[in-house]
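Everything below concerns the one structure shown next.
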Amino acid sequence: MDKKRIYIILTILFILLPLGLLTDYSAWGEWDNEVYKQMIGYIPEGIKNAQTFAIIPDYGEGSIVMYYLSALIGGGMLFGFFYLLTKMTKNETN
Amino acid sequence: MHIPDGYLSPSTVLTSFALAVPLWVYGFKKLKQSLNEETMPLIGTLSALSFIIMMFNIPIPGGTSGHAVGATLIAILFNPWIGFISVSLVLLIQSIIFGDGGISALAVNSIGMAFIGSFVGYYIFKLLETKKYAPFIAGWSGIVASSFIIALILGIQPFWNEAGKPLYFPFDLKTTIPALVGSHILFFGIVEGIFTQLIYNTIRKKEWIKKESI
């Protein structure tokens, strides 16, 4: 497998990330609670009472810098996880 | 397709975790078997790619948006268990750090987007392996199947109601299936297909040329 090319693709997509911020449309079903009020006249109990917890809510809520940073944090955590797991697995088998 | 907290009834949450935990444990074992210094950079990169591709929100007519997932790609390049675990991990990070998808909905989101996307995509790919466009069809099928499972679970939520007033997600199958599955058939499935085909060709190009010249 050619690894170099996929690093290039990952870098290009990373640079293009702000394109993901262009739309104001939310995903279907992932609406603000107020939208339920408009659509059906009330906010269902479960949705109203939900506690949402996030360290960086909504990838920085529209800031380009935070969007880039979010991708770095997410990507970094994923690489970190696989790196550590590889090390641990190697130690187990040795 | 990232279901937030508060959208699912407690019994849906419990059932989904009871189903997902054994799958996560088994998949994690499978991942450990395949993970070594050779495969690690690529599995890490493909997972990061899945995380990043989900940040490209694409607007569609009707006022909603969506994105590709990237589960099928990992499934066909490695195996579906690795696709399942990697994308589950992406969903875990999105949920805890960025509030994208509920923590209580993590099992449903993982079964829908990661498990179904990986396994349906993988078996469709196996069926068409000799065809050049197999990755496109596999990616399209994987995400459409994912959207079907998510629509199904969301669409049964009005069952839990108080005097006819839904307590959780209020729209039934008649709404969720056309909205979610329809938009994935027409738009996000195509994006997923192109993404899967493009990256697959890029990575496998050299081997393809070899295969074809024999």
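Worth pointing out:
- Centroid-to-centroid, using Cα positions, the range B:91-111 and the range A:8-36 are 16 Å apart.
- Members of A:LYS3/A:LYS87; A:LYS3/B:LYS30; A:LYS3/A:LYS90; A:LYS4/B:LYS32; B:LYS30/B:LYS174; A:LYS3/B:LYS29 lying beyond 27 Å, as alpha-carbon distances in this model show: B:LYS30/B:LYS174
- Within 10 Å of each Cβ in A:31-38, the average number of Cβ atoms from other chains: 1
- Across the range A:71-86, computed HN-Hα scalar couplings (Karplus, 6.51 cos²θ - 1.76 cosθ + 1.60, θ = phi - 60°) run 5, 5, 5, x, x, x, 5, 5, 4, x, 4, 5, 5, 5, 5, 5 Hz from first to last residue, x flagging Gly and Pro.
- Each residue of the range B:34-48 was assigned a 3J(HN,Hα) from its phi angle through the Karplus curve 6.51 cos²θ - 1.76 cosθ + 1.60 (θ = phi - 60°); the sequence is 8, 7, 8, 5, 6, 8, 3, x, 6, 5, x, 5, 5, 5, 4 Hz, with glycine and proline shown as x.
- When each of the peptides A:29-42, A:74-87 is scored by how many other beta carbons lie within 10 Å of its residues on average, the order from highest to lowest is A:74-87, A:29-42.
- Modelled this way, with points 7 Å down the Cα-to-C-beta line, the labels at A:LYS4 and B:LYS29 are 4.0 nm from one another.
- Kirkwood-type radius of the range B:10-213, with distances r between different C-alpha atoms, in Å: 17.5
- Cα-based convex hull volume of chain A per residue, rounded to whole Å³: 175
- Amide H to amide H distances under 5 Å link B:ASN161 with B:LEU167, where only residues 5 or more positions off or on other chains count and H is placed in the peptide plane.
- Take each peptide in B:14-20, B:105-111, B:115-121, B:153-159, count the other Cβ atoms within 10 Å of every residue, and average; sorted highest first, the result is B:115-121, B:105-111, B:153-159, B:14-20.
- Peptide A:79-86 - average C-beta neighbours from other chains (10 Å radius): 6
- For the residues of A:57-68, the average number of beta carbons from a partner chain within 10 Å of their own beta carbon is 1.
- Expressed in units of 2.2 N^0.38 Å, where N is the residue count, the Cα radius of gyration of the range B:111-214 is 1.39.
- Computed from backbone phi, the HN-Hα couplings of the range A:12-23 come to 4, 4, 4, 4, 7, 2, x, 4, x, 8, 5, 8 Hz, rounded to whole numbers (Karplus: 6.51 cos²θ - 1.76 cosθ + 1.60, θ = phi - 60°; Gly and Pro given as x).
- Distance cut-off 16 Å, percentage of C-alpha pairs in the range B:58-110 lying past it: 52
- For the listed peptides A:19-28, B:123-132, B:77-86, a ranking on the average number of other beta carbons within 10 Å per residue, highest first, reads B:77-86, A:19-28, B:123-132.
- With Rh defined as the Kirkwood radius, the inverse of the mean 1/r over Cα pairs, the Rg/Rh of the protein assembly as shown is 0.97.
- Nonlocal amide H pairs with A:ALA27, under 5 Å, H built at 1.01 Å: B:SER65
Read-outs throughout are calculated quantities, based only on the coordinates presented, and are distinct from any laboratory measurement. Given the structure is predicted, the values throughout are model-derived calculations rather than measurements. When we count neighbours, we look across all protein chains shown, and the Cβ atoms used for this are built from the backbone with ideal geometry, even at glycine.
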